[in-house]
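The structure under discussion appears below in the form of structure tokens.
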Ligand code: SF4
């Protein structure tokens with residue numbers, strides 16, 4: 001979402017005549033697009049602000065702005081905490097900030113700046129902002145607000161524009177993307193996917209990130225049937241223990257979650273599956289953690305993103321004791337990583353000898369092309385290929401995280 005926010009800001013700056021994306025030493029304005037989902041992300045933003053403080057003093061007239069989730073979480077108090085900071089603004093109301101920039105730099109601006117032709121092959125397209133869920137550990141609903149879906153016609157128009165600029169793969173984006181409801185007619189994400197799928201020239205369509213509660217059969221059918229929809233589903237489960245899921249207020253049981261995956265695998269041959277796990281959530285017992293390990297062994301995801309629980313002020317879980325010691329959190333994190341490394345390796349090795357479709361995203365210094373399969377696996381290609389090409393290649397070897405194809 002932050003990458004999408006950064007792209008949107010660059011376009012808005014270009015519209016008022018400011019040149020986005022220049023090297024920092026040439027810039028008059030630095031904008032930090034921040035994340036607040038974990039304490040670590042906030043610490044990194046604070047340390048960037050420290051570096052920018054000395055950048056600002058090197059030339060008169062320089063300014064620093066901050067937006068993203070930290071702006072929503074701390075608001076104007078950031079201006080007091082960081083005296084080097086000049087502006088804090090909400091991404092949902094960036095018009096006011098842009099108007100201020102236009103007024104401030106008036107005279108130095110000469111109308112819209114033509115942005116150089118994008119060589120982007122992949123683009124994020126936000127379709128729904130905010131989240132109506134109330135997972136007890138999560139700060140997102142407080143900093144990104146309630147769900148607001150963009151009109152489907154507007155999304156389609158932007159998809160056409162992106163494809164016209166050379167984008168081959170679009171990821172429809174939202175904190176809770178599968179609760180999308182088109183304001184025009186109440187249709188959902190499957191219908192929106194069908195609309196974007198029809199955009200001439202689009203080759204791949206993905207969406208991120210989903211709540212298991214909204215993973216309907218219609219959505220699974222859309223993945224199975226739409227030609228551009230990639231056979232990949234990222235469905236965060238967070239824990240394999242029902243009691244832990246209840247404390248997290250995730251609103252589904254492990255059995256319900258597993259049933260969705262079963263239906264997904266039945267309907268979508270060769271489906272790539274990934275998930276998110278939080279270890280060491282408040283009160284997580286060894287038995288609850290073992291239940292998560294058991295579920296990982298049963299489901300056999302392709303990829304698992306695992307994080308140790310990080311308490312966020314303002315959330316419901318913040319009022320509970322963060323009672324799993326750091327050493328235990330780290331040890332559980334390592335156990336998940338070790339298990340998943342083995343499973344990912346086995347799943348990738350099973351692909352040796354089969355053919356995969358790779359959309360080439362770039363060429364490394366040694367001349368080898370790399371990209372991703374439709375199931376979202378990273379693949380290296382031994383034959384010559386250019387970015388933007390879609391190559392059918394045979395997998396010759398595999399590691400836990402990558403395939404090698406020729
Ligand atoms: S669904 Fe996702 S974004 Fe929404 S509250 Fe839960 S974890 Fe946060």
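Descriptive notes on the structure:
Listed here are the residues, each with its yes/no results for (1) at pLDDT 95 or above; (2) away from the ligand (no atom under 16 Å from the Cβ).
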position	(1), (2)
156	yes, yes
165	no, yes
168	yes, yes
172	yes, no
232	yes, yes
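- Residue pairs meeting the criteria (Cβ under 8 Å; at least 6 apart or on separate chains; first under 16 Å from residue 173 (Cα atoms), in region 129-145; second near the ligand (Cβ under 7 Å from one of its atoms) and part of a helix (DSSP H, G or I)): 130/140; 130/141; 131/140; 131/141; 132/141
- Within the option set 18, 58, being modelled with pLDDT of 90 or more and crowded, with 17+ Cβ neighbours inside 10 Å holds for one residue only, 18.
- Residue among 300, 265, 335 that alone is under 26 Å from the mean Cα position of the chain (by Cα), at positive phi, more than 16 Å from the ligand (Cβ to nearest atom) and surrounded by fewer than 19 Cβ atoms within 10 Å (Cβ to Cβ): 300
Residue by residue, here is whether (1) surrounded by fewer than 17 Cβ atoms within 10 Å (Cβ to Cβ); (2) in a loop (DSSP other than H, G, I, E, B); (3) modelled with pLDDT under 95; (4) not assigned by TED's automatic domain parsing to the domain that holds residue 249 holds:
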position: 288; (1), (2), (3), (4): no, no, no, no
position: 321; (1), (2), (3), (4): yes, yes, no, no
position: 324; (1), (2), (3), (4): no, yes, no, no
position: 331; (1), (2), (3), (4): yes, no, no, no
position: 360; (1), (2), (3), (4): no, no, no, yes
position: 367; (1), (2), (3), (4): yes, yes, yes, yes
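- Filter pass, residue 109 being in a loop (DSSP other than H, G, I, E, B) and either out of contact with any strand residue (DSSP E or B) (no Cβ under 7 Å at 6 or more places or on another chain) or without any contact (Cβ under 8 Å) to a residue 24 or more places away in the chain (or both): yes
- Reported count of residues in region 248-257, each being part of a helix (DSSP H, G or I) and buried (at least 17 other Cβ atoms within 10 Å of the Cβ), is 3.
- Every test in (1) in a helix (DSSP H, G or I); (2) within 30 Å of residue 373 (Cβ to Cβ) is passed by residue 301 save one, and that test is (1).
- Here residue 115 does not qualify as touching a residue at least 40 places away in the same chain (Cβ under 8 Å), within 16 Å of the ligand (Cβ to nearest atom) and either crowded, with 18+ Cβ neighbours inside 10 Å or over 29 Å from residue 180 (Cα atoms) (or both).
- Scanning region 122-154 for residues that are part of a helix (DSSP H, G or I) and either within 16 Å of the ligand (Cβ to nearest atom) or crowded, with 18+ Cβ neighbours inside 10 Å (or both) turns up 140, 141, 142, 143, 144, 152.
- Pairs are defined by a Cβ separation below 7 Å, a sequence spacing of at least 6 or placement on different chains, a first member in region 232-256 that is more than 15 Å from residue 138 (Cβ to Cβ) and free of Cβ contacts under 8 Å to residues at least 12 places away in the same chain, and a second member that is away from the ligand (no atom under 13 Å from the Cβ) and assigned to a helix (DSSP H, G or I); the pairs so defined are 253/242.
The values are calculated or read from the model by the stated rules, or taken from the named source; none is laboratory data. Not measured: the values here are computed from a predicted model. Glycine gets a Cβ as well: all are built from the backbone with ideal geometry, and neighbour counts include every protein chain shown.
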